[in-house]
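Here's the structure we're looking at; comments come further down.
The values are calculated or read from the model by the stated rules, or taken from the named source; none is laboratory data. This is a predicted model, so every value here is computed, not measured. Note that each Cβ is placed from the backbone with ideal geometry, even for glycine, and that neighbours are counted across all protein chains shown.
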Amino acid sequence: MRMKGQSEAEFQLGKAIPAHLMAEQAAWGLNCQPHDVPTLVAARLLKLPGNPLPNGIKFFAASELLEQVKDRAWLVKVTNAVNQHWHKQNARKKNRPAHGLQNGHVSPAGLVVATVG
C-alpha cells in the first residue's frame with residue numbers, strides 16, 4: 001500500500017512522517033492489514049489521541065507508534081492479539097451451521113436438495 005505523498009523508504013527512515021497517522025498508515029508501519037487496527041485498539045495496544053467520534057476517522061500519534069515498534073515485547077503482544085482475533089473469527093465461521101441447508105447441498109436456484117445416501 002502506498003501512502004499519500006510519502007514513500008515507504010521515507011517512512012522507514014522516520015523522515016517526513018505526519019504527526020497523526022490514519023489507520024492505513026499505522027497498519028503499514030506495523031506490517032499488518034488496516035482491518036487489524038481495530039483489533040489492536042480493542043486490545044489497548046494502539047491508543048487513539050483524544051476522544052474521536054465512533055464514526056469518525058481514527059488517527060494515531062506517529063511519535064508513539066515509532067517508539068512502540070522498537071519494543072520487542074510490544075510487538076509480540078501485537079502479533080498475539082492479531083493471531084488470537086483471527087483464530088476466534090475462523091473458529092466462529094467453522095462452527096456456524098450453514099443457513100437453511102440440509103445435508104449440505106443447495107441447488108443452483110437456491111432450493112434445498114436432499115441427498116439419498
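Overview of values
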{"item": "The range 1-21 - residue that is surrounded by 14 or more Cβ atoms within 10 Å (Cβ to Cβ) and in contact with a strand residue (DSSP E or B) (Cβ under 7 Å, 6 or more places away or on another chain) and, of those, modelled with the highest pLDDT", "result": "LEU21"}
{"item": "Qualifying residue in the range 48-57 (condition: in a loop (DSSP other than H, G, I, E, B) and within 16 Å of the chain's Cα centre (by Cα))", "result": "yes"}
{"item": "Residue check for LEU66: in a helix (DSSP H, G or I), at pLDDT 95 or above and touching a helix residue (DSSP H, G or I) at 6+ places or on another chain (Cβ under 9 Å)", "result": "no"}
{"item": "Yes/no for ILE57 being at pLDDT below 95 and surrounded by fewer than 18 Cβ atoms within 10 Å (Cβ to Cβ)", "result": "yes"}
{"item": "Enumeration of residues in the range 72-110 that are modelled with pLDDT under 85 and among the hydrophobic types (A, V, I, L, M, F, W, C)", "result": "ALA98, LEU101, VAL106, ALA109"}
{"item": "All positions within the range 47-61 that are out of contact with any strand residue (DSSP E or B) (no Cβ under 6 Å at 6 or more places or on another chain) and either hydrophobic (A, V, I, L, M, F, W, C) or touching a residue at least 12 places away in the same chain (Cβ under 8 Å) (or both)", "result": "LYS47, LEU48, LEU53, ILE57, LYS58, ALA61"}
{"item": "Verdict on GLU24 being among the acidic types (Asp, Glu), under 15 Å from the mean Cα position of the chain (by Cα) and modelled with pLDDT of 85 or more", "result": "yes"}
